[in-house]
Amino acid sequence: MIQTQTRFGLQALGLVCALGADATQVRQALFAPQPSGVHELEGFLPGRRLHLGAVRSELPSVSELPKRHRSRNNALLLQALAQIRQPVDEAIRRWGAGRVAVVLGTSTSGIGQSELAFAERARSGSFPAGFDIRQQEMASPALMLAELLGLAGPCHVVSTACSSSAKAMASAARVLASGICDAVLTGGADSLCAFTVAGFDALESVSDGRCNPMSAKRCGINIGEAAALFLMTREAAPVRLAGWGEGSDAHHISAPQPNGDGAYRAMELALQRAGLAPEAIDYLNLHGTATRQNDAMESLAVQRLLGLDRACSSTKPLTGHTLGAAGALEAALCYLSLTENKQGLLPPHWWDGQADPELPALNLVQPGQALGRPLRAAMSNSFAFGGSNAALVLVNDDA
């Protein structure tokens, strides 16, 4: 066993995604009787309308930020930060600016601003006045928050594609365990841009309609955008990060290991670090991208470790695949399921119900399904290009 002795309490959550502009709106939409969030848009691929997980609410202005930090990605983070600004400020006053860290995940950072700038250059011959190439630096999200809040603690970004912010939360826990800080602002953000939509389309992995995970007719993902921020400390909290597991398949640059061994090992390590048996997990948030290979290998790993009775779902038909933000976003959806949820409502798995006979028959959550009691433990999977695997276990000890 590799169980950790340090408590990693998730004190507060700030959240914005296609389901809503804050945690309250997201909670309501997550458990609603009809799917929302992902919707049809045009303008990302020429001549095509796609279902995308775009945030439709107005975001905070970035005009007061230094030019190098003005991006939609950072506007999403400002929206999430505003929801937890009071406990963050209290943590800074209590422990000091040098004892508060920022550890985030992203995969796009501000590349969307570069797309707009180069399009303007093609039209007019010059870049727009507000463009700064540093807007697309991977470090920008963490540096922006640290500078805005006046922090002097550790500050870094993890960028491992779709596992980025899950790995960032694991990294944040290690920073806390080291004793070099007393609080960490952790999570992740990614914003919609043509670069990622076109990239996944080149892999023939983008669905025109709402994605259909685990279905025999699944045909690809919906790209989305989101920001999720947690304030993590070593003190008791409504939910704690109880365990995490990380690994690398080293199998293929984009395809996962078909037998699911890498995914299985990440999930197993997360359980071991949490000191929990598989049957202790009440709910599993699947990576569930609705691509042929991911769903196949993940279902094998889940069957092998958790069996076929564990309640599980992919929430990507609601939020889209938010890439570098997905790990933190889906941890946030687990957090919402673990708190203020006396009935034990479970995030539903929205799909066409046409099971793939080649996949294990997982226990996919039906709309309105509930445990009849509060959830105590949830797991969230995040798997990325290059076989970068991560799994998180969140626990509510008072449930």
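Residue count for segment 61-114, restricted to those that are at pLDDT below 95 and in a helix (DSSP H, G or I): 4.
Sub-9 Å Cβ pairs linking a first residue in segment 347-373 that is without any contact (Cβ under 8 Å) to a residue 40 or more places away in the chain to a second residue that is part of a loop (DSSP other than H, G, I, E, B) and small (G, A, S), at least 6 apart or interchain, are A370/G344; G372/G344; R373/G344; R373/A399, ordered by first then second residue. Screening D352, D356, D397 for residues that are closer than 22 Å to Q11 by Cα and surrounded by fewer than 24 Cβ atoms within 10 Å (Cβ to Cβ) leaves exactly one candidate, D397. For segment 42-59, filtering for residues that are surrounded by 17 or more Cβ atoms within 10 Å (Cβ to Cβ) and either charged (D, E, K, R) or out of contact with any strand residue (DSSP E or B) (no Cβ under 7 Å at 6 or more places or on another chain) (or both) leaves 1.
Looking at R99 and the list (1) exposed (fewer than 14 other Cβ atoms within 10 Å of the Cβ); (2) closer than 29 Å to I180 by Cβ; (3) of a type in the set (D, E, K, R), which single condition is not satisfied? Unmet condition: (1).
With respect to the stated conditions, R234 is touching a residue at least 12 places away in the same chain (Cβ under 8 Å), in contact with a Leu (Cβ under 6 Å, 6 or more places away or on another chain) and more than 23 Å from T106 (Cβ to Cβ). Listed here are the helices (runs of 4 or more DSSP H) enclosed by segment 255-348 that have at least 3 residues being of a type outside the set (S, T, Y) and surrounded by fewer than 24 Cβ atoms within 10 Å (Cβ to Cβ): 261-274, 292-306.
Just give me the residues in segment 30-60 being closer than 25 Å to V206 by Cβ and assigned to a loop (DSSP other than H, G, I, E, B), in sequence order.
Hits for segment 30-60 are Q34, P35, S36, G37, V38, P46, G47, A54, V55, R56, S57, L59.
Here A80 qualifies as within 28 Å of L19 (Cβ to Cβ), surrounded by 17 or more Cβ atoms within 10 Å (Cβ to Cβ) and out of contact with any helix residue (DSSP H, G or I) (no Cβ under 8 Å at 6 or more places or on another chain).
In this structure, L65 does not qualify as buried (at least 23 other Cβ atoms within 10 Å of the Cβ) and touching a helix residue (DSSP H, G or I) at 6+ places or on another chain (Cβ under 8 Å). Restricting the first residue to segment 120-135 and requiring it to be in contact (Cβ under 8 Å) with a residue 60 or more places away in the chain and surrounded by 10 or more Cβ atoms within 10 Å (Cβ to Cβ), which pairs with a second residue that is aromatic (F, W, Y) and part of a helix (DSSP H, G or I) meet a Cβ separation below 7 Å and a spacing of at least six or different chains? The qualifying pairs do not exist here.
Of all the criteria given as (1) part of a helix (DSSP H, G or I); (2) modelled with pLDDT of 95 or more; (3) not hydroxyl-bearing (S, T, Y), the one not satisfied by Q11 is (1).
The values are calculated or read from the model by the stated rules, or taken from the named source; none is laboratory data. Computed from a prediction, not measured in an experiment: that's the story for all the values here. Virtual Cβ from ideal backbone geometry, glycine too; neighbours counted across all protein chains shown.
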